[in-house]
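Right, one structure below, let's go through it.
The values are calculated or read from the model by the stated rules, or taken from the named source; none is laboratory data. Worth saying up front: this structure is predicted, and the values here are computed from it rather than measured. Neighbour counts run over all protein chains shown; Cβ positions are idealised from the backbone, glycine included.
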Amino acid sequence: MEVTDLAAQVRKEQKKGPARRLRQNGFVPAVFYGRSAENILLAIKNDELAKLYKDKKNHAFIKLIIDDGGNKKIEKLSLIKELQVQPLTGKFYHADFYEVDIKRKISMEVSLRFVGKAIGVENGGELQHIRREVKVSCLPLNLPDHIDVDVTNLDIGDSIKIRDLKIGEGITILDRPDSAVAAVQVVKVVKEAAKEEAATEEGAAAAEGETTTAAGTAAPAEKGKAAPAEKEKGK
């Protein structure tokens with residue numbers, strides 16, 4: 001379990017005016033809460049939160065180092081529960097941090113990391129990544145950074161399902177076991193080329209049939225005129 005430190009300050013006021021001034025000074029209003037913890041109003045530097053989110057997204061365990069204005073700092077293990085963004089500026093508007101209890105299971109999305117080169121790709125197929133993440137349940141200390149998916153033995157028409165994934169002890173995947181995460185399919189371009197080739201062959205066959213019919217059939221007589229008589233043999 002990887003933990004990232006993030007500095008925070010306790011804020012005393014929670015009205016719109018003070019929150020607006022915090023944002024103008026480069027801070028993000030935030031709150032920390034949990035099952036056994038009282039709500040703590042916080043202010044966090046926007047730049048530091050932006051860097052953490054860019055590097056870890058919302059999957060990182062965060063150790064909040066809270067300055068309450070006294071001589072002692074408070075440390076709280078947490079996860080980002082919600083992060084609001086201003087649509088016009090792209091800056092963070094508000095953040096919610098949820099307390100993590102290392103003795104309680106949590107549910108989180110874990111990314112899949114595809115490794116190896118599928119046999120089916122070498123045979124002309126195309127590897128499709130159907131899922132990029134799966135939802136797991138486990139204790140915080142057992143949460144993996146990612147789950148490896150080896151696609152080496154996948155041939156055309158083969159797939160890897162969630163039940164095929166190799167995971168560590170104490171981890172349960174909550175998604176449906178029969179859901180596919182990767183598959184090798186026939187390349188679509190090949191199918192379209194085959195259709196075009198078949199259409200060309202059909203067109204050529206039709207044209208050849210028309211030529212044969214025209215060559216082997218006598219021309220119809222014009223209206224009011226008799227058709228020319230066939231020559232007798234020997235004359």
So how many residues does segment 132-158 have that are of a type in the set (Lys, Arg) and either outside any loop (DSSP other than H, G, I, E, B) or surrounded by 14 or more Cβ atoms within 10 Å (Cβ to Cβ) (or both)?
-> 1
Select from segment 159-169 the residues that are surrounded by fewer than 17 Cβ atoms within 10 Å (Cβ to Cβ) and in a loop (DSSP other than H, G, I, E, B) and list them in ascending order.
-> Lys166, Gly168, Glu169
When Gly26 is run through (1) on the phi < 0 side of the Ramachandran plot; (2) over 27 Å from the mean Cα position of the chain (by Cα), the failure sits at (1)
Only one of Val85, Val100, Val121 is closer than 25 Å to Arg163 by Cα and among the β-branched types (Val, Ile, Thr); which?
-> Val121
Which residues, counting only those in segment 108-127, are within 15 Å of Asn142 (Cα to Cα) and among the β-branched types (Val, Ile, Thr)?
-> Val110
Out of segment 114-128, which residues are over 12 Å from Ser159 (Cα atoms) and assigned to a loop (DSSP other than H, G, I, E, B)?
-> Gly116, Lys117, Asn123, Gly124
Would you tally the residues in segment 93-108 being surrounded by 14 or more Cβ atoms within 10 Å (Cβ to Cβ) and either over 14 Å from Glu75 (Cα atoms) or of a type outside the set (Asp, Glu) (or both)?
-> 10
Within segment 170-179, residues loosely packed, with under 13 Cβ neighbours inside 10 Å and in a strand (DSSP E or B) come out as Thr172
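Residue-wise test of (1) among the basic types (Lys, Arg); (2) under 22 Å from Ala7 (Cβ atoms); (3) not assigned by TED's automatic domain parsing to the domain that holds Lys15.
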{"site": "Ala60", "(1), (2), (3)": "no, yes, no"}
{"site": "Glu75", "(1), (2), (3)": "no, yes, no"}
{"site": "Tyr93", "(1), (2), (3)": "no, yes, no"}
{"site": "Arg113", "(1), (2), (3)": "yes, no, yes"}
{"site": "Leu143", "(1), (2), (3)": "no, no, yes"}
{"site": "Asp148", "(1), (2), (3)": "no, no, yes"}
{"site": "Asn153", "(1), (2), (3)": "no, no, yes"}
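Tell me yes or no: at least one residue of segment 162-169 is touching a helix residue (DSSP H, G or I) at 6+ places or on another chain (Cβ under 8 Å), outside the structural domain of Leu52 (by TED's automatic domain parsing) and at pLDDT below 95. Steps first, please.
Of segment 162-169, the ones touching a helix residue (DSSP H, G or I) at 6+ places or on another chain (Cβ under 8 Å) are 168-169.
From the residues that got through so far, the ones that are outside the structural domain of Leu52 (by TED's automatic domain parsing) too are 168-169.
Retained after the next criterion (residues that are at pLDDT below 95): 168-169.
Yes.
Can Lys76 be described as in contact with an Asp or Glu (Cβ under 7 Å, 6 or more places away or on another chain), among the basic types (Lys, Arg) and at pLDDT 90 or above? Let's see the steps before the verdict.
On the way: in contact with an Asp or Glu (Cβ under 7 Å, 6 or more places away or on another chain): yes; among the basic types (Lys, Arg): yes; at pLDDT 90 or above: yes.
For Lys76, the condition - in contact with an Asp or Glu (Cβ under 7 Å, 6 or more places away or on another chain), among the basic types (Lys, Arg) and at pLDDT 90 or above - is met.
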Scanning segment 14-54 for residues that are out of contact with any strand residue (DSSP E or B) (no Cβ under 8 Å at 6 or more places or on another chain) and either within 14 Å of Ile74 (Cβ to Cβ) or not small (Gly, Ala, Ser) (or both) gives Lys15, Lys16, Pro18, Arg20, Arg21, Gln24, Asn25, Glu38, Asp47, Lys51, Lys54
